[in-house]
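Single-structure report; data block below.
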Amino acid sequence: MWEYCGMSRNAEGLKRAVQMIRELRKEFWTNVRIPGKARAR
């Protein structure tokens, strides 16, 4: 990630970083497990 959005960056690298963030977000929400019960309000 640092290679794409660090001090030395360009439009192509930033686009790649955005895509990587999207993939990480999708992977996180696919694999996250939260134990316990949901609190009722």
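Read the figures in this text as sums done on the coordinates, not as results from a lab. In this text, all values refer to a predicted model and were calculated from it rather than measured experimentally. Don't worry about glycine lacking a Cβ; one is built from the backbone with ideal geometry, like all the others, and counts go over all protein chains shown.
A few remarks follow.
- With K and R counted +1 and D and E -1, the other residues having a Cβ less than 13 Å from that of Ala17 yield a net charge of +2.
- Residue-span extension gain [Lys26 to Ala11] - 0.36 nm each, minus C-alpha spacing: 3.1 nm
- Residue-averaged [θ]222 nm for the chain, counting only DSSP H segments that reach four residues, each worth -39500 (n - 2.57): -19000 deg cm²/dmol
- Annotation: extensible slack from Val18 through Arg33 equals 2.9 nm (criterion: 0.36 nm per residue apart, minus Cα-Cα distance).
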